Amino acid sequence: MSLLIITSTVNVNSCLTVLVDPEIRLQQYISSILFYIKIKNLESIIVCDNSGHDYSKINSLIALAEKYSKKIEFLSFTSDHKNTMRYGKGYGEGEIMEFVVKNSVLYKNKENSFFKVTGRIIIPNIEAVIRFTPIGKNCFQRTCFNSLKKEDKIDTRFYYIKKHEFEKYLIRSYKNVNDNEGFYLEHTFFRSIIRNKIKYSFFYILPFIKGVSGSTGVDYEIPKRSFIIRSLVNVFFNILKIKLKISL
């Protein structure tokens with residue numbers, strides 16, 4: 001069984017964000033949380049909002065969590081508006097994760113690793129992704145599936161990582177984010193991973209991501225044909241890592 005951390009910003013206060021309507025964002029977050037509550041191989045869920053929104057008052061979430069016997073924890077705080085506006089949503093996301101580590105009761109439970117997902121996206125095949133993710137092995141996904149292009153980022157929308165490595169190497173990576181200069185959380189994570197020689201694999205089952213980018217308004221979902229091709233590329237990279245015994 002697994003722990004999932006869901007990040008949330010209902011009331012946007014960051015730069016370079018086009019989807020700012022709090023009502024639309026809230027409905028997307030609620031739909032996402034309801035979806036993850038129903039996932040069988042998720043035992044615990046932490047939802048943390050950095051704009052002061054309190055999900056614990058939404059009865060439908062509480063009722064469904066009880067129905068599916070899920071341990072669920074709702075956290076809320078108000079982020080540093082000045083820095084989030086100055087540095088971007090990656091900075092705000094980093095604040096959320098740091099707040100969870102320091103304040104969550106469920107986070108301190110027995111699980112040694114956790115999955116993290118950006119709150120407004122849904123991963124329809126997450127049950128298979130979790131089932132084929134080795135316990136205690138860090139897993140990320142590439143941001144670029146062009147094998148000829150050198151990777152300088154790692155996807156931070158969804159990942160799986162050991163708690164002690166996250167706390168030691170990645171928890172403060174957001175301090176280096178600057179969206180206005182084109183240096184995102186994906187860059188800071190990748191640099192920290194490489195600099196600290198953190199061992200990781202790509203997910204064995206490629207996560208299929210559905211949702212809309214808050215930054216651009218572009219739909220994340222790709223055609224099934226493209227997803228199949230990317231899945232095959234993902235398999236290739238995993239085999240290559242095993243053969244060469246390296247972290248790409």
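What list of ³J(HN,Hα) values in whole Hz, one per residue of the range 36-50 in order, does the Karplus curve 6.51 cos²θ - 1.76 cosθ + 1.60 (θ = phi - 60°) give from phi, with Gly and Pro shown as x?
With coefficients 6.51, -1.76 and 1.60, one gets 6, 4, 7, 6, 5, 8, 10, 8, 10, 9, 10, 10, 10, 10, 9 Hz.
Once amide H atoms are placed 1.01 Å from N in the peptide plane, what residues at a sequence separation of 5 or more from Ile45, or on another chain, have their amide H within under 5 Å of its amide H?
Leu4, Lys71, Ile72, Glu73
So what is the 222 nm mean residue ellipticity for the chain from helices alone, if each DSSP H run of at least 4 adds -39500 (n - 2.57) and you divide by all residues, rounding to the nearest 500 deg cm²/dmol?
Mean residue ellipticity at 222 nm (helix-derived): -10500 deg cm²/dmol.
What FRET efficiency do you get for Ile228 and Lys108 if R0 is 45 Å and r is their Cβ-Cβ distance, rounded to the nearest 0.05?
0.65
Quick one: 3J(HN,Hα) in Hz for the range 118-127, Karplus 6.51/-1.76/1.60 with θ = phi - 60°, rounded, Gly and Pro as x.
For the range 118-127, the Karplus curve yields 5, x, 8, 10, 10, 10, x, 9, 5, 4 Hz.
Could you tell me which trypsin sites (Lys or Arg not before Pro) in the range 80-164 are loop residues by DSSP with no more than 12 other beta carbons within 10 angstrom of their beta carbon?
Lys110, Lys149, Lys150
Take Lys67 and Lys82, extend 7 Å from each Cα along the Cα→Cβ direction, and tell me the distance between the two endpoints in nm.
Label-label distance for Lys67 and Lys82, simple model: 4.6 nm.
Once the dipole of the range 1-104 is set up with Lys and Arg at +1 and Asp and Glu at -1 on Cβ about the Cα centre, which of Ser104, Asn11, Phe77 lies farthest towards its positive end?
In the range 1-104, that residue is Ser104.
Say each of Ser56 and Asn196 gets a label point 7 Å from the Cα, pointing the same way as Cα to Cβ; how far apart are those two points in nm?
It works out to 3.0 nm between the two label points.
List the residues, sorted by chain then number, that are 5 or more residues from Ser76 or on another chain and whose placed amide H is less than 5 Å from its amide H.
Residues meeting the criterion, in which the H sits 1.01 Å from N, are Asp49.
Just list whichever of Lys57/Lys210; Lys40/Lys70; Lys162/Lys197; Lys82/Lys153; Lys108/Lys163 have alpha carbons separated by over 19 Å in the model shown.
Pairs exceeding 19 Å: Lys57/Lys210; Lys82/Lys153.
Quick one: go through the range 23-50 and flag any residue whose amide nitrogen is under 20 Å from the point 7 Å out along the Cα-to-Cβ line of Glu221.
Of the residues in the range 23-50, 24-39 have backbone N under 20 Å from the label point off Glu221.
Aspartates and glutamates within cross-link reach of Lys175: Cα-Cα under 13 Å, excluding same-chain residues under 8 positions apart?
By straight Cα distance, Lys175 reaches Asp80, Glu93, Glu95, Glu98, Glu186.
Which of the aspartates and glutamates could be linked to Lys110 by a straight reach, that is with a Cα gap under 17 Å, when you skip same-chain ones fewer than 8 residues away?
In chain and number order, the partners are Glu43, Glu73, Glu165, Glu167.
Considering only DSSP beta bridges with both partners in the chain, what is the antiparallel share in %, to the nearest 5?
Roughly 35 percent of the DSSP beta bridges within the chain come out antiparallel.
Tabulate in residue order the Karplus-calculated ³J(HN,Hα) for the range 27-32, using 6.51 cos²θ - 1.76 cosθ + 1.60 with θ = phi - 60°, rounded to whole Hz; enter x for Gly and Pro.
5, 5, 5, 4, 4, 5
Quick query: amide H of Val10 versus all other amide H atoms, modeled in the peptide plane; which residues come in under 5 Å with a sequence gap of 5 or more or a different chain?
Here Asn50, Ser51, His53 satisfy the definition.
Only Lys, Arg, Asp and Glu count, each charged at its Cβ (+1, +1, -1, -1), so figure out the dipole size of the chain about its Cα centre, rounded to 20 debye.
Rounded to the nearest 20 debye, it is 1120 debye.
Each value in this text was obtained by applying a stated rule to the coordinates, not by laboratory testing. This is a predicted model, so every value here is computed, not measured. Note: ideal-geometry Cβ built from the backbone for every residue, glycine included; neighbour counts use all protein chains shown.
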